[in-house]
1. Put +1 on the Cβ of each Lys and Arg and -1 on the Cβ of each Asp and Glu in chain A; which of A:M191, A:I265, A:V247 then has its Cα farthest toward the positive end of the dipole?
2. Based on the Cβ-Cβ distance of B:L276 and A:V32, what FRET efficiency does E = 1/(1 + (r/R0)^6) give at R0 = 41 Å, to the nearest 0.05?
3. What spacing in nm lies between the two simple spin-label points modelled at A:L14 and B:M7, each 7 Å away from Cα in the Cβ direction?
4. Residues of the protein assembly as shown: accessible area per residue at 1.4 Å, in Å²?
5. As a test of reading the structure, rank B:K8, A:K99, B:K135 by solvent-accessible area (1.4 Å probe, protein chains only), most first.
6. Give me the distance between the Cα centres of region B:68-87 and region A:213-260, rounded to whole Å.
7. If each residue of separation counts as 0.36 nm, what is the full-extension length gain between B:N254 and B:T62 once their alpha-carbon separation is subtracted?
8. Mind grabbing the accessible area of A:M126 for me, 1.4 Å probe, Å², rounded to tens?
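The values are calculated or read from the model by the stated rules, or taken from the named source; none is laboratory data. Given the structure is predicted, the values throughout are model-derived calculations rather than measurements. Neighbour counts are summed over all protein chains in view; Cβ atoms, including those assigned to glycine, are modelled from backbone coordinates with ideal geometry. SASA here: full protein model, heavy atoms, side chains in, ligands and nucleic acids out. Shrake-Rupley method; radii C 1.70, N 1.55, O 1.52, S 1.80 Å.
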Amino acid sequence: MSTRARWGKRTTFLVGYTLAFAYVFPFFLVFVNSLKLKYDILANPLAIPLSITWENFQQAYTKMNFFRSLTNSIIITVFSVSLLIIFSSMLAYYLARTKTKLTKYIFLVLVASMIVPFQALMIPFMARFAQFVSWNNRGALIFFYIGFGVALSTFLYHGFISTIPTEIDEAASIDGASDMVAFWKIIFPMMRPITATVAIINALWIWNDFLLPRLVLTNETQTLPLSTYLFYGQYSIEYGQAMAGLVLAVIPIVIFYLVLQKQFISGISQGAVK
Amino acid sequence: MKSARSMKRFMKFAGVPLAIFSIVLVVPFVNGVYYTFTDWDGFETTKLVGFSNYAESFQDPTFWSTLRFTALFVVVSLVLVNAVAFGLALIVTSKLKSANFLRTFFFVPNLVGGVVLGVIWQFIFNSAIVALANKYDWELFKQSWLQDTNKAFWALIIVTVWQSSGYMMIVYITGLISIENDVLEASQIDGASPLRTLFTIKIPLMAQAFTIALFLTLRGGFMAYDVNVALTGGGPFRTTELISLHIFQDAFANGNFGTGQSKAVVMFLIVALAALVQVTVSKRYEVQR
């Protein structure tokens, strides 16, 4: 390797690590301060705590109803994502395999709808669905997520199905499989990679979503981002507790990411190419 | 017979999702546009009023300042997010042993929702930095950045760049690794410098990644809400309200459903137009392979 190339590599190395440090530093700062007493935080936020206190975590855990909001987040995310996978894979299969003017038109409407920002319809949306929401707000939220997520998910599946040869469908139907059976037993398992993409992209969106849950959910059904926001708003003066609350809010998704890191990255890059 | 069967197939595969899509998205959208031409008060409409809701919206000086603030935010965040993301992608795709390790770190802010990120930075700007500034006498940070409109703007930009660059980095990585090796080898044999290779070979061949990343950041910039609410809450004095928050406040805090919805329709038109222009222009730079 030439000297110049080696220096280039060293610079990249240095810049890369400095940036990586900067990217995680805010999380580090929050974590360090969640272990301190209020006075120590104000005295020097950067200092490593001399004596560690877990009191902040106990307080935050109870006050933000951590367990309840975590359960709500999990329920809402799991149901919405599963239903989105089922419905949009079927819809995409139908649209990709049945080539008529109507299916072409439907597909175009779906693609065009992705440009509509939620804010453009939230006002009539809330007026129209107020009753549905007050009847069962978690159910309503899941229903809304299907409506808002179906276009992108169908679009991703559609691109993938086009690469599966139609001979496979024909072979299945000659063997006497009904179209439902053929789809779920043969086609759907072949779409595993794109299903992973659809699952990850939607899960990240729904898990972290704030505006729609804020409009729809009540105290008992709060998700994690909502309860974090409200908790922070109430207790931001209690720095230590507020920091502990933030740590609790961040931990579940970070663990999930570290376990499924490869799938996350490849899922997002798959979604980006389409 | 044949049409009955194809109808049945349509209902089985497409019926439910299309019904939900129409109920949740199409109907409120059409409704919403219609409401802006009526005297809708959130509950009922009695008569058509033409364009008066729009006229009223544009007479609202805070709406104009919000539009200006949003436009500036979109442009600056678009440029910076993509510049940083592309830089990160170059670092991560260079032949560094720890590239995957670094990629993991850069992506982390993206996992966490905008509200939690906004709140984390609110602590940093309001408390942590101010405490340090007083301790070490840093003039620039003694007053919280969030209490000054111009500095709060940059605070919003910093958090947005930090949050979104990891995601866009993945888009750029996908573009960079899609370039065939023999093309790069050929340019090396021809004696092209790394910088020359970057600008005349890599960037044109991965223009599609730019189209996508620019589209996503453009849309994200216009729709930004979470970071805005959690970091500045629109303050000081509603001067840092981006358009989403402005519409939210107008409708749900002040009860102006008619003007709120017409501002929302204006927002939709701006987003659609900007995205259309951006995609058309970007597409022109894409190389067919």
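1. Farthest towards the positive pole: A:I265.
2. After rounding, the FRET efficiency stands at 0.30.
3. The modelled label-to-label distance comes out at 7.4 nm.
4. Dividing the accessible area of the protein assembly as shown by its residue count gives 47 Å².
5. Result of the area sort, largest leading: A:K99, B:K8, B:K135.
6. So the two Cα centres are separated by 28 Å.
7. 67.8 nm
8. We get 30 Å² for A:M126.
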